[in-house]
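Before any comments, here is the structure.
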Amino acid sequence: MLELKNIHKSFNNNEVLKGVSIRVKKGDVIVILGPSGSGKTTLLRCINFLERADKGEIFFDDLRVNIRTASPADISRIRKRTAFVFQNYNLFNNKTALENVTEGLITARKVPKPEAIEIAKKALSKVGLSDRENYYPSKLSGGQQQRVAIARAIAVNPDVILFDEPTSALDPELTGEVLAVMKQLAREGVTMVVVTHEMSFARDVANHIVFMDGGVVIEEGSPDEIFSRPREDRTKQFLSRILPVWDYVI
Amino acid sequence: MDLNIRYMIDTFFLALTGVPVTLSITAVALLVSAPIAFFMAISRIYNIRIVKQVVSAYVSFIRGTPVVLQILIIYSLLPSWLNAMIKSLSWDINIFDMNPVIYAYIVFSLNTCAGLSEIFRSALLTVNKGQLEAALSIGMSAVQAYTRIIIPQAMVSALPNICNLTINLIKGTSLAFMMTVKEVTSIAKIAASYGYNYIESYLDILIIYILLCSVIQALFALVEKRIGSYKTLTGSAAKAV
């Protein structure tokens, strides 16, 4: 359904992505793992043009976009088929939880207001925040804010939701509520691409794992392949640094 | 010494007739400069080449010169320039008959532009870039993101500074008497010059400026409370607004 081909991106002569390709099928939950600075977040941001890659192509079903020559209309089309959940939530601070969710529906997608409110209420109840509809973001906890952000993402009914380290700004005790919502979405068949350091999520929920380092995909495969039988040394190295800590926490 | 109370009361009401002129200079300066200042701020935030340099130079120039000097230069230079231009175009307009308030509009707009652009720039920077990205990510256009998300929040942090600027502007318009504009200060000064009642006149306009500025401050406080409510309200209280 979504395919990225040979994505290159540099910041000030520092090449962050050196030709990355990934393929996402409908219903996939893809987790991108890798050490910091490996280009995971940049890759995710390149998908919906929050960052414009220098080179590469994006295929979205029948929509084929060369990133370098993409027109504003192409960008808008891709953005309307994707949604993004940010590390630090990025809720609209001047809007209530409900308005945060309706905003994109009403202004970007021209959904009539009563219908938008209905969709938004459904989305908020899905993330368990029906009782917080009229709260402003400043009055919500980090976990609640991130759940509103997820509701905002699912309300626009995108083909794929991109998650950029959705739990890494949260207190450990609040990550659970966000991960639970994401697991629920995965069960419902929502297509997701997730950058995370939550190994339990990667192992239990993902059906495909991409390991990146130094701006390239080192290895990819099912969680079982990556976690139990990694082929590449760098993958083994990374997992050996991460997993003992994880086992200890459990 | 004795104050001529009779004169004071008369002059007070006489000077009050200058309030519309004072306010019109303030309003015109603010309205003309607001959109220009916004784009000046944007050009600096987004590092638009050439425009950014021109804007920076302009702001430094305005900040670096006294308003009195700007008034003197514009009021002595502009009319002759315009006159020469109109003559060369052989139009039948006498530029020297023009209401001098026009020059006041020009000077104070030029000034306000510079100040306001810096206020807008700092205010826009207080809204984190992530909210713009979030708006774009759900398919909103940059213009929609600015008008619905960024500007409403930037306004909240800009308001105290805009209030400051407006009050300084109102007080600054008193310098328009140098351009023979009939605003509060000039009316009171002219009245005083007939009988040397300067103290009474000055006390009159002092009261008028304090009243004007208090009203402006109260208005701004009201607006601030209204548009900044999202910072303090919760739950059902928010619904009522």
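Taken together, the values in this text are just the output of simple stated rules run on the coordinates, not laboratory data. All of these numbers come straight from a predicted model, not from anything done at the bench. Positions of Cβ are backbone-derived with ideal geometry, glycine not excepted, and every protein chain shown enters the neighbour counts.
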Margin query: Could you tell me the center-to-center distance, by alpha carbons, between region A:12-64 and region B:63-121 in angstrom?
Written below: 54
Item checked: Per-selection metrics, chain B (Cα): Rg and Dmax in Å -> 22.1, 72
Check: How many nm is it between the label spots at B:Ser193 and B:Leu31, if each spot is 7 Å from the Cα in line with the beta carbon?
Finding: 3.1
Notebook entry, point to check: Residue by residue through region A:24-32, which ³J(HN,Hα) values in whole Hz follow from phi under the Karplus form 6.51 cos²θ - 1.76 cosθ + 1.60 (θ = phi - 60°), with glycine and proline marked x?
Noted result: 10, 9, 4, x, 5, 10, 9, 10, 9
Note to self: Between A:Ile242 and A:Ser76, what is 0.36 nm times their sequence separation minus the Cα-Cα distance? Round to one decimal in nm.
What the structure shows: 56.0 nm
Next item on the list: Could you work out the mean count of beta carbons from other protein chains within 10 Å of each residue's beta carbon in A:94-102?
Entry: 4
Item checked: For chain A, diffusion coefficient by Stokes-Einstein and Kirkwood Rh (Cα), 4 °C, 1.567 mPa s, µm²/s -> 69
Check: What is the distance, in nm, between label points placed 7 Å from the Cα along the Cα-to-Cβ direction at B:Leu72 and at A:Arg52?
Finding: 5.0
Check: Lysine pairs in region A:1-67 with alpha-carbon atoms under 12 Å apart, 8 or more places apart or on different chains: how many are there?
Finding: 7
Check: Taking Cα atoms, how many degrees apart are the long axis of helix B:198-227 and the longest axis of chain B, rounded to 10 and kept between 0 and 90?
Finding: 10
Check: If amide H atoms are built 1.01 Å from N in the plane of the peptide, which residues on other chains or at least 5 residues away come under 5 Å of the amide H of A:Met212?
Finding: A:Leu33, A:Gly34, A:Ile218
Margin query: As I understand it, the dipole of chain B uses +1 on the Cβ of Lys and Arg and -1 on the Cβ of Asp and Glu, about the Cα centre. Which of B:Leu132, B:Leu159, B:Ala221 lies farthest toward its positive end?
Written below: B:Leu132
Note to self: Quick check for me: using +1 on Lys/Arg Cβ and -1 on Asp/Glu Cβ, what's the dipole size of chain A about its Cα centre, in debye to the nearest 20?
What the structure shows: 680
Notebook entry, point to check: Which of the peptides A:11-17, B:183-189, A:188-194 is most tightly packed, and how do the rest follow, going by the mean number of other Cβ atoms within 10 Å of each residue?
Noted result: B:183-189, A:188-194, A:11-17
Notebook entry, point to check: Just the Cα atoms of region B:113-196: what Rg and Dmax do they give in Å?
Noted result: 20.7, 70
Next item on the list: Provide the percentage of antiparallel DSSP beta bridges, counting only those with both residues in the protein assembly as shown; round to the nearest 5.
Entry: 60
Item checked: Simple Cβ-charge dipole of the protein assembly as shown, Lys/Arg +1 and Asp/Glu -1, about Cα centre, in debye nearest 20 -> 580
Item checked: FRET E, pair B:Asn94, B:Thr180, Förster distance 25 Å, beta-carbon r, rounded to 0.05 -> 0.95
Notebook entry, point to check: How high is the FRET efficiency between A:Lys122 and B:Ala218 when r is their beta carbon distance and R₀ equals 41 Å, given to the nearest 0.05?
Noted result: 0.40
Item checked: Directionally averaged shadow of region A:77-221, computed from the convex hull of its alpha-carbon atoms, nm² -> 9.2
Notebook entry, point to check: What's the extension gain from B:Met85 to B:Lys171 if we count 0.36 nm per residue and subtract their Cα-Cα distance?
Noted result: 27.6 nm
Check: Tilt of helix B:184-195 relative to the longest C-alpha principal axis of chain B, in degrees (0 to 90, nearest 10)?
Finding: 10
Item checked: Förster-model FRET efficiency, 56 Å R0, B:Leu3 and B:Thr126, C-beta, rounded to 0.05 -> 0.70
Checklist line | Integer Hz, Karplus 6.51/-1.76/1.60 couplings in order for region A:172-186, x for Gly and Pro | finding: x, 6, 9, 5, x, 5, 6, 4, 4, 5, 5, 4, 4, 4, 4
Check: How crowded by other chains is B:138-147, given as the mean number of beta carbons from other chains within 10 Å of each beta carbon?
Finding: 6
Notebook entry, point to check: Which of the peptides A:93-99, B:174-180 is most tightly packed, and how do the rest follow, judged by the mean count of other Cβ atoms within 10 Å per residue?
Noted result: A:93-99, B:174-180
Notebook entry, point to check: When all alpha-carbon pairs of the protein assembly as shown are counted, what percent fall beyond 37 Å?
Noted result: 47
Next item on the list: List the residues whose amide H sits under 5 Å from the amide H of A:Met192, counting only those 5 or more places along or on another chain, with H placed 1.01 Å from N in the peptide plane.
Entry: A:Asp28, A:Val29, A:Ile30, A:Ile161
Notebook entry, point to check: Roughly how many nanometres apart are two label points built 7 Å out from the Cα toward the Cβ at B:Ile48 and A:Asp61?
Noted result: 3.7
Notebook entry, point to check: What average count of beta carbons from other chains do you get within 10 Å of the Cβ of residues in B:122-132?
Noted result: 2
Notebook entry, point to check: Could you work out the helix-only [θ] at 222 nm for the protein assembly as shown, with each DSSP H run of four or more residues adding -39,500 (n - 2.57) and the total divided by the number of residues, to the nearest 500 deg cm²/dmol?
Noted result: -18500 deg cm²/dmol
Next item on the list: Give me the Kirkwood hydrodynamic radius of region A:110-179, using the inverse of the mean 1/r over all pairs of distinct Cα atoms, in Å to one decimal.
Entry: 12.8
Check: Peptides A:49-62, A:223-236, A:133-146: what's the order by average Cβ count within 10 Å, highest mean first?
Finding: A:133-146, A:49-62, A:223-236
Next item on the list: Would you work out which of B:Phe13, B:Tyr198, B:Ser109 lies farthest towards the positive end of the dipole of region B:5-240, given +1 charges on the beta-carbon of Lys and Arg and -1 on that of Asp and Glu, about the Cα centre?
Entry: B:Ser109
Margin query: For chain B, take the longest principal axis of its alpha carbons; what is the angle in degrees between that and the long axis of helix B:151-172, to the nearest 10 within 0 to 90?
Written below: 10
Notebook entry, point to check: Any idea what the dipole of chain B comes to, in debye rounded to 20, about its Cα centre with Lys/Arg Cβ at +1 and Asp/Glu Cβ at -1?
Noted result: 960
